[in-house]
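Engineer: I'd like to ask you about the structure that follows.
The values are calculated or read from the model by the stated rules, or taken from the named source; none is laboratory data. Just so it is clear, the structure is predicted and the values come from calculations on it, not from any experiment. Glycine gets a Cβ as well: all are built from the backbone with ideal geometry, and neighbour counts include every protein chain shown.
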Amino acid sequence: MTLPTNSENDRYRSTKYFPSLDGLRALSILAVIWYHVPELRPLWATGFLGVHLFFVISGFLITTLLLREKAASGRISLKNFYIRRTLRIFPAYYLTLGLFLLLCLAVPDLHANGLATYLHNLPSFATYTSNWFVYPWGPGRVVFVAAWSLATEEQFYLFWPGIIALSRRWYIPIAVMLLLIAVNELIKIKLGYLFFLSGQSLPITILNSVSTAICLGCLLAFTLDRPKSFNLAWKVLGQKWSAPLFMLLMLLVSVIPNNDELHVLRMFYICIAMTLAVGASSIRTDNLLRPLLANRAVRYIGSISYGMYLFHAFGINFTDRYFGFTKQWPLLQFVAVVGSTIAIASISYFFYERYFLRLKERFSARRNSESKSKIEP
């Protein structure tokens, strides 16, 4: 076992790009797409966990950037943070809302069964509150169910950067995260592990919508940022074989048969395993999984994963309409859906999103030193 040195900690703190995280994003979005294809879900029903891996990565990266900005300048520009966040997330998101509206108007089946429900839910989608007010199993066909995860993130980042910016002691944000995790898990134990609550009071619904996975990603960032805790983490996460070990653990835990009585604990353990996998993939960039996670094709999918998440419903519908024959061969259907989604997301990225990303760079905390690994859901 290699032991950490000051140079290892310095190397981590100066790392501007975690290449393996793009690979983890690619795995996340591919899992989500698989889960949302009705014909594929019965073959592997835990693809929804990809969203939680997104959450861990997001909490880790955003917190890391905030901590480094505070260490470098003694403060955090909340104005610049929210401008960057807005330019990264809002343009593609609101484009998606518009495209779904056009789809509901143009497709006869959606017009008849989904338009009224979509218009009813549109204020919640537009204000990032769909995880509070949109119940996907209610009456009417709910379009854009995936908006719940984006709402979860945007709500979280309304208060989290301010807590870091205003805290004079390093342990205050950590205490807040631990409290949120404890409250959130207790609610889930009492009510069952539900992403969407129906019939509960709004305060309970709001507390339930806090993501344990995001909180764990934030705690990971604090752990690796401080030299003493970095040295402890290195002993577990800093070996070259740590990344494949915790990736394997993550996969093994995710395929454990579900048990309603143990579901909350199972999900918590899965989030822990994901956090360890993200940490092992970041603490040293030369981990044994780098050839797999950081090859050019995988990294490209990871780099447009936000767009793929937004537009994969269009990829599924496009494949069903024009390549419906692929349903006879699940793997071919998956390839067709992924290919369609990549094409749509690439068009959005190169001809629309990049304009706003260039504007975003003007508000970087430290231009040319901000992590290249894009902070996305």
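Engineer: Suppose we keep only residues that are in contact (Cβ under 8 Å) with a residue 40 or more places away in the chain and small (Gly, Ala, Ser) within the stretch 310-349. Which one would you say is surrounded by the most Cβ atoms within 10 Å (Cβ to Cβ)? It would help to see each step written out before you state the result.
Structural biologist: Pass one, the stretch 310-349, residues in contact (Cβ under 8 Å) with a residue 40 or more places away in the chain: 310-317, 327, 330, 333-334, 337-338, 341-342, 345-346, 348-349.
From what's left, small (Gly, Ala, Ser): 313, 315, 345-346, 348.
Details: ALA313: 21, GLY315: 23, ALA345: 26, SER346: 15, SER348: 22.
If we take residues in the stretch 310-349 being in contact (Cβ under 8 Å) with a residue 40 or more places away in the chain and small (Gly, Ala, Ser), then ALA345 is surrounded by the most Cβ atoms within 10 Å (Cβ to Cβ).
Engineer: Can I ask one more? Run down ARG88, ARG84, ARG13 and say which single residue is under 27 Å from ILE181 (Cβ atoms), crowded, with 21+ Cβ neighbours inside 10 Å and of a type in the set (Lys, Arg).
Structural biologist: On the way: ARG88 fails: crowded, with 21+ Cβ neighbours inside 10 Å; ARG13 fails: crowded, with 21+ Cβ neighbours inside 10 Å.
Answer to the check: ARG84.
Engineer: Right, here's the next one. Do we find that LEU237 is more than 26 Å from GLY138 (Cβ to Cβ), in contact with a helix residue (DSSP H, G or I) (Cβ under 8 Å, 6 or more places away or on another chain) and not β-branched (Val, Ile, Thr) in this structure? Before you say what the answer is, go through the steps one by one.
Structural biologist: Details: more than 26 Å from GLY138 (Cβ to Cβ): yes; in contact with a helix residue (DSSP H, G or I) (Cβ under 8 Å, 6 or more places away or on another chain): yes; not β-branched (Val, Ile, Thr): yes.
So LEU237 passes the test.
Engineer: Now a separate question. From the list PRO42, PRO123, pick out the single residue that is more than 24 Å from ILE344 (Cα to Cα), at pLDDT below 95 and out of contact with any Cys (no Cβ under 6 Å at 6 or more places or on another chain).
Structural biologist: Working: PRO123 fails: at pLDDT below 95.
After ruling out the rest, the residue left standing is PRO42.
Engineer: Something else: Which ranges mark the helices (runs of 4 or more DSSP H) fully within the stretch 230-308 that have 3 or more residues being among the aliphatic types (A, V, I, L, M) and surrounded by 15 or more Cβ atoms within 10 Å (Cβ to Cβ)? First the steps, then the outcome.
Structural biologist: Numbers: elements: 242-254, 263-283, 290-293, 296-303.
Passing ranges, in order: 242-254, 263-283.
Engineer: Does THR96 satisfy being more than 23 Å from the chain's Cα centre (by Cα) and either of a type in the set (A, V, I, L, M, F, W, C) or part of a helix (DSSP H, G or I) (or both)?
Structural biologist: Numbers: more than 23 Å from the chain's Cα centre (by Cα): no; either of a type in the set (A, V, I, L, M, F, W, C) or part of a helix (DSSP H, G or I) (or both): yes.
Judged against the criteria, THR96 is not a match.
Engineer: Further question: Would you check which residues across the stretch 206-229 are basic (Lys, Arg) and assigned to a helix (DSSP H, G or I) and list them? Don't jump to the end; show me each part of the working.
Structural biologist: Taking the stretch 206-229 as the starting set, the residues that turn out to be basic (Lys, Arg) are 226, 228.
Listed by number, the list holds a single entry, LYS228.
Engineer: So, one more: Which of the following residues is surrounded by 14 or more Cβ atoms within 10 Å (Cβ to Cβ), of a type in the set (Ser, Thr, Tyr) and within 30 Å of ASN9 (Cβ to Cβ): THR205, THR212? Before you say what the answer is, go through the steps one by one.
Structural biologist: Values: THR205 fails: within 30 Å of ASN9 (Cβ to Cβ).
Unique residue meeting the criteria: THR212.
Engineer: Which residues, counting only those in the stretch 111-123, are among the small types (Gly, Ala, Ser) and either on the phi > 0 side of the Ramachandran plot or in contact (Cβ under 8 Å) with a residue 12 or more places away in the chain (or both)?
Structural biologist: Result: GLY114, ALA116.
Engineer: Now for a separate question. Here are some conditions: (1) among the hydrophobic types (A, V, I, L, M, F, W, C); (2) under 21 Å from TYR309 (Cβ atoms); (3) touching a Pro at 6+ places or on another chain (Cβ under 6 Å). PHE81 meets all but one. Which one does it not meet?
Structural biologist: It is condition (2) that PHE81 fails.
Engineer: Somewhere in the stretch 302-309, is a residue farther than 30 Å from TRP241 by Cα and free of Cβ contacts under 8 Å to residues at least 40 places away in the same chain?
Structural biologist: Checked the stretch 302-309: no residue is farther than 30 Å from TRP241 by Cα and free of Cβ contacts under 8 Å to residues at least 40 places away in the same chain.
Engineer: With the structure loaded, tell me whether GLN239 is under 22 Å from TYR269 (Cα atoms) and polar (S, T, N, Q) or whether it fails that test.
Structural biologist: Details: under 22 Å from TYR269 (Cα atoms): yes; polar (S, T, N, Q): yes.
Against the criterion (under 22 Å from TYR269 (Cα atoms) and polar (S, T, N, Q)), GLN239 qualifies.
Engineer: Suppose we keep only residues that are β-branched (Val, Ile, Thr) and within 21 Å of the chain's Cα centre (by Cα) within the stretch 135-162. Which one would you say is surrounded by the fewest Cβ atoms within 10 Å (Cβ to Cβ)? Outline the logic, then answer.
Structural biologist: The first filter runs over the stretch 135-162 and keeps only residues β-branched (Val, Ile, Thr), leaving 142-143, 145, 152.
Among the residues that remain, those that are also within 21 Å of the chain's Cα centre (by Cα) are: 143, 145, 152.
Working: VAL143: 22, VAL145: 17, THR152: 24.
Step by step, filter the stretch 135-162, then rank; the result is VAL145.
Engineer: Next question, about the same structure. State whether one or more residues within the stretch 359-371 are touching a Lys or Arg at 6+ places or on another chain (Cβ under 8 Å), assigned to a helix (DSSP H, G or I), within 24 Å of THR64 (Cβ to Cβ) and at pLDDT 90 or above.
Structural biologist: Yes, because at least one residue in the stretch 359-371 is touching a Lys or Arg at 6+ places or on another chain (Cβ under 8 Å), assigned to a helix (DSSP H, G or I), within 24 Å of THR64 (Cβ to Cβ) and at pLDDT 90 or above.
Yes/no per residue for (1) under 19 Å from PHE54 (Cβ atoms); (2) of a type in the set (S, T, N, Q); (3) touching a residue at least 60 places away in the same chain (Cβ under 8 Å); (4) part of a loop (DSSP other than H, G, I, E, B):
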position	(1), (2), (3), (4)
TYR135	no, no, yes, yes
ARG141	no, no, no, yes
ALA151	yes, no, no, no
PRO161	yes, no, yes, no
ILE164	no, no, yes, no
ARG168	no, no, no, yes
VAL176	no, no, no, no
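Engineer: Restricting to the stretch 12-47, and then to whatever is assigned to a helix (DSSP H, G or I), without any contact (Cβ under 8 Å) to a residue 40 or more places away in the chain and more than 16 Å from the chain's Cα centre (by Cα), can you tell me which residue is farthest from LEU332 (Cα to Cα)?
Structural biologist: Taking the candidates together, the pick is SER14.
Engineer: Here is a further query. Answer yes or no as to whether THR212 is without any contact (Cβ under 8 Å) to a residue 60 or more places away in the chain, in contact with a helix residue (DSSP H, G or I) (Cβ under 7 Å, 6 or more places away or on another chain), farther than 23 Å from TYR135 by Cα and among the β-branched types (Val, Ile, Thr). It would help to see each step written out before you state the result.
Structural biologist: On the way: without any contact (Cβ under 8 Å) to a residue 60 or more places away in the chain: yes; in contact with a helix residue (DSSP H, G or I) (Cβ under 7 Å, 6 or more places away or on another chain): yes; farther than 23 Å from TYR135 by Cα: no; among the β-branched types (Val, Ile, Thr): yes.
Against the criterion (without any contact (Cβ under 8 Å) to a residue 60 or more places away in the chain, in contact with a helix residue (DSSP H, G or I) (Cβ under 7 Å, 6 or more places away or on another chain), farther than 23 Å from TYR135 by Cα and among the β-branched types (Val, Ile, Thr)), THR212 does not qualify.
Engineer: Kindly indicate which of LEU30, LEU78, LEU99 is within 26 Å of ASP225 (Cβ to Cβ), modelled with pLDDT of 95 or more and of a type outside the set (Asp, Glu).
Structural biologist: Just a single option satisfies the conditions, and that option is LEU78.
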